[in-house]
Amino acid sequence: MWVSSVTTPAPEAPLVYPSVAFRPTQLMVICAVLTALVLALAAWAGHVMFGVFFGVGLALGLLNALLVQRSVAAITSGSHPLKRKMAVNSATRLLVITTVGLTIAWIFRPLGLGVVFGLALFQVVLVLSTALPVWKKLRTGDPDFPPGGENGPTVSSGNPASIADDMFKD
């Protein structure tokens, strides 16, 4: 027997506003430092191009994150944002970035695999850089804005973690 269930967050859970979640400037600095470090190690190992391709992978990951931020802001700013629009946008963007990354890796193999490693490491950095500040806010119970203010919870415009609760299903 098939049972469908819906999970909702516990009402007593502390409210964490997503304004701390996505910091593109911080990500860019982390990517630059990682690129410099990997480039130096690759040069020391005699494979400078691996470091260059690794930096390209990190740049593609950062580009993807910025495009996510832009598309979420554009889609949720409408009067009736649809989840389908966001899903199609995400699938298209990921298809393009994956195709570019794998094409570079294939054409410039074996050193071109640095692009794939750069993309993979960027995802780890992105998750850590967004999860750690939110985790810290949850632990301290210090939200950006007081819950239940005069206008209610605020959704941070332009933040990929700020998806409105009233987003329509299609």
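The values are calculated or read from the model by the stated rules, or taken from the named source; none is laboratory data. Remember, predicted model here, so these are calculated numbers, not experimental data. Here the Cβ positions follow ideal geometry from the backbone for every residue, glycine too, while neighbour counts run over all protein chains shown. Ligands, DNA and RNA are stripped out before the accessible areas are found, and what is left, the full protein with its side chains, is counted by its heavy atoms. Shrake-Rupley method; radii C 1.70, N 1.55, O 1.52, S 1.80 Å.
Return the residues of the range 91-119 that are exposed (fewer than 13 other Cβ atoms within 10 Å of the Cβ) and under 20 Å from Phe50 (Cβ atoms); say none if nothing qualifies. Correct list: Thr103, Trp106, Ile107, Arg109, Pro110. If the condition is being touching a residue at least 60 places away in the same chain (Cβ under 8 Å), open to solvent by 30 Å² or more (accessible area, probe 1.4 Å) and touching a helix residue (DSSP H, G or I) at 6+ places or on another chain (Cβ under 6 Å), then the range 48-84 contributes Met49, Phe50, Val56.
Pairing each residue of the range 115-131 that is without any contact (Cβ under 8 Å) to a residue 40 or more places away in the chain with any residue that is open to solvent by less than 20 Å² (accessible area, probe 1.4 Å), provided the two are 6+ apart or on different chains, yields C-beta distances under 9 Å for Ala131/Ala21.
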